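The values are calculated or read from the model by the stated rules, or taken from the named source; none is laboratory data. None of the values given here were measured: they were computed from a predicted structure. Every residue, glycine among them, receives a Cβ derived from its backbone with ideal geometry; neighbour counts consider all protein chains shown.
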Amino acid sequence: MNLPAPPNFGVQAEPRALAPGRRKRQHRSRPLIRSAGVRFALAYAVVFGVSAFALAFSIWYSTLDLLQRQVEVDIRNDALVLDEHYQLGGLPSLIAAIHDRLTDVTQSDGIYLLEDALGNRLIGNLDTWPNGLNQVNTWYELPVTRDHQSSVALLRAYSLPGGGELLVGRDVTARDKLRNVLRDGLLWALGLMFALGILGAFLVRSLFRRMMRDISTTTRAIARGDLARRIPLTGDGDEFDELATIINDMLDRISRLMDGVRQVSNAIAHDLRTPITRARTRLEDASLHAHSAEDLQSAIERATLDLDGIVGVFEALLRIAEIEAGSRRAAFAPIDLAPMLHDMDELYRAVAEERGLTLETRIEPRLPLLGDRDLVQQAVANLLDNALKFTEPGTVIGFTARLEEAVIEIAITDRGPGIAEPDRARATERFFRAESARSTAGSGLGLALVAAVAQLHNGTLLLADNDPGLRAVITLPARSS
Ligand SMILES: Nc1ncnc2c1ncn2[C@@H]1O[C@H](COP(=O)(O)OP(=O)(O)O)[C@@H](O)[C@H]1O
Ligand SMILES: [Mg+2]
């Protein structure tokens, strides 16, 4: 098509006018906490730090708890055995047993002290009764002096049935040392984890920024009017790739729509300029050169016809737009297409015969649909019009309508030139007319309306090769009853 310069409708001009202000806003540095990347990184660091701390604390606590319990069990069992000795052999047997323990080098952490009812020391390795230990059957952790060396011990005192008191305990200095080693180790680990958390947060932040940068540079460029830009994919198939793919698909669709708008506006300008200019020339010509009232009259009549054609094109455009908007769905009613199609068959049979064409019709008796009768009729009429318009006399036009598996299929076939494969996808675009159709009358809006009507009914329009000729099929979901 040889088109005039594309009219611009302000589609491209608008973002350009806005761009400087927007750029300014985007480049103003924002407070650190307002940055999503920083917030994300902080959240990561906090979660990481809290979980690391919880882990370290639980290891520390359960280890110490276990050690404490072990010592307690050890002391209890020791006391039980000593009690048996006491039961069996009285005080002398108990003293002998304690003596055994004190001389056993493998049990160097054992602490014992046996006193009689008067508080006299009978045997043991503590010089004096520990300060502060004044209740029996209670756990104490106290500093003690053993062999002139001070240490810490876990202790429990028992009273003997015959008077006197027995103190059994364990030196826990070693355990305390272990506790400190464990605490230091865990603190170091915690510090390391904290550092790692901060490092991880920075990594997360820079990753976040890198991903965002690709998307924001591209979208910013698009906002400035470079619609061909697309977000580069990393190829990892990750969430950002997924997002980028979605955005790219959206951009493809937008640019297709904009192409469509541009094409339609070009086509409107192009298609209507000729008849408008013609009408204008006619009127001007008549006003300058008409010799009689009849000349003037006929010029006006022909100009009116031209203008009617233009009005017709606009009406068709508005009708397609209305159908595409879907508002007519509200007026859908249960109908049977069969009688309406029979009426059309009758009407078109006459026209076809006039043109030396034969109509071969097969319409099933029941074609229930929830839809708009007038629109379906208009769509079928458009297809029949085309079949009549584009075929040579002497050929056959097929017109069939059937119901199969809850789908109504209306097919119109002809033996004309058909639509070349590369044109078929574009044939339903507004104003599309194949090069070969230039000599016939029409504005290229017929198939666009058929496609819109099919879509309104959740159906489709299929254009196929009839070998030779065109096979146009409207499929509509039938009404279940
Ligand atoms: N039955 C057909 N046989 C050959 N070409 C067809 C047929 N129907 C449609 N076409 C092609 O598709 C174009 C668009 O059809 P349509 O939208 O009905 O516009 P119009 O009939 O006004 O030309 C036609 O210009 C023509 O090139
Ligand atoms: Mg047509």
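Determine, yes or no, whether Ala425 is aliphatic (A, V, I, L, M), within 12 Å of ligand 1 (Cβ to nearest atom) and free of Cβ contacts under 8 Å to residues at least 40 places away in the same chain. Steps first, please.
Numbers: aliphatic (A, V, I, L, M): yes; within 12 Å of ligand 1 (Cβ to nearest atom): yes; free of Cβ contacts under 8 Å to residues at least 40 places away in the same chain: yes.
Yes, satisfied.
I'd like the full set of residues that are of a type outside the set (Val, Ile, Thr), surrounded by 15 or more Cβ atoms within 10 Å (Cβ to Cβ) and more than 7 Å from ligand 1 (Cβ to nearest atom), limited to segment 438-455.
Hits for segment 438-455 are Leu449, Ala451, Ala452, Ala454, Gln455.
Somewhere in segment 148-157, is a residue surrounded by 12 or more Cβ atoms within 10 Å (Cβ to Cβ) and assigned to a helix (DSSP H, G or I)?
No, segment 148-157 has no match at all.
Do we find that Ala437 is within 13 Å of ligand 2 (Cβ to nearest atom), more than 42 Å from the chain's Cα centre (by Cα), over 17 Å from Ile320 (Cα atoms) and of a type in the set (A, V, I, L, M, F, W, C) in this structure?
yes
Return the pair list, or none, for Cβ contacts closer than 7 Å from residues in segment 69-91 that are free of Cβ contacts under 8 Å to residues at least 40 places away in the same chain to residues that are in a helix (DSSP H, G or I), at least 6 apart or on different chains.
The qualifying pairs are His85/Ser93; His85/Leu94; His85/Ala97.
Output the residue which, of all residues in segment 117-147 that are in contact with a helix residue (DSSP H, G or I) (Cβ under 9 Å, 6 or more places away or on another chain) and assigned to a loop (DSSP other than H, G, I, E, B), is farthest from Ile98 (Cα to Cα).
Applying the filter and picking the extreme gives Trp139.
Answer with yes or no whether Thr391 is within 16 Å of ligand 2 (Cβ to nearest atom), of a type in the set (Ser, Thr, Tyr), within 22 Å of Asp467 (Cβ to Cβ) and assigned by TED's automatic domain parsing to the domain that holds Ser436.
Yes; evaluated as a whole, the condition is true for this residue.
Just to be sure I understand, how many residues within segment 167-186 are β-branched (Val, Ile, Thr) and either crowded, with 18+ Cβ neighbours inside 10 Å or outside any helix (DSSP H, G or I) (or both)?
Selection size over segment 167-186: 2.
Here's the yes/no breakdown for (1) out of contact with any helix residue (DSSP H, G or I) (no Cβ under 6 Å at 6 or more places or on another chain); (2) under 22 Å from Asp345 (Cα atoms); (3) among the polar types (S, T, N, Q); (4) within 15 Å of ligand 2 (Cβ to nearest atom):
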position: Pro368; (1), (2), (3), (4): yes, yes, no, no
position: Leu384; (1), (2), (3), (4): no, yes, no, yes
position: Thr400; (1), (2), (3), (4): yes, yes, yes, no
position: Ile474; (1), (2), (3), (4): no, yes, no, yes
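Can you pull out every residue in segment 371-423 that is among the acidic types (Asp, Glu) and either within 23 Å of Ser436 (Cα to Cα) or in contact with a Phe, Trp or Tyr (Cβ under 8 Å, 6 or more places away or on another chain) (or both)?
Asp372, Asp385, Glu392, Asp414, Glu421, Asp423
Please report, ordered by residue number, the strands (runs of 3 or more DSSP E) entirely within segment 266-377 with at least 1 residues that are under 42 Å from the mean Cα position of the chain (by Cα), closer than 28 Å to Leu388 by Cβ and at pLDDT 90 or above. Break it down stepwise before answering.
Details: elements: 333-336, 358-363, 368-371.
Answer list for segment 266-377: 333-336, 368-371.
For segment 422-481, enumerate the residues that are of a type outside the set (A, V, I, L, M, F, W, C) and assigned to a strand (DSSP E or B).
The answer is Thr460, Asp465, Arg471, Thr475, Pro477.
Sort through Asp249, Asp236 and tell me the only one that's modelled with pLDDT of 85 or more, out of contact with any Leu (no Cβ under 9 Å at 6 or more places or on another chain) and over 30 Å from Ile310 (Cβ atoms). Reasoning before the result, please.
On the way: Asp236 fails: modelled with pLDDT of 85 or more.
The conditions single out Asp249.
Regarding Leu388, is this residue out of contact with any His (no Cβ under 7 Å at 6 or more places or on another chain), of a type in the set (A, V, I, L, M) and assigned to a helix (DSSP H, G or I)?
yes
Would you be able to tell me the number of residues in segment 397-422 that are within 10 Å of ligand 1 (Cβ to nearest atom) and without any contact (Cβ under 8 Å) to a residue 40 or more places away in the chain?
1
Need the failing condition index for Thr460 against (1) β-branched (Val, Ile, Thr); (2) more than 11 Å from ligand 2 (Cβ to nearest atom); (3) buried (at least 16 other Cβ atoms within 10 Å of the Cβ), just the number.
Status for Thr460: all satisfied but (3).
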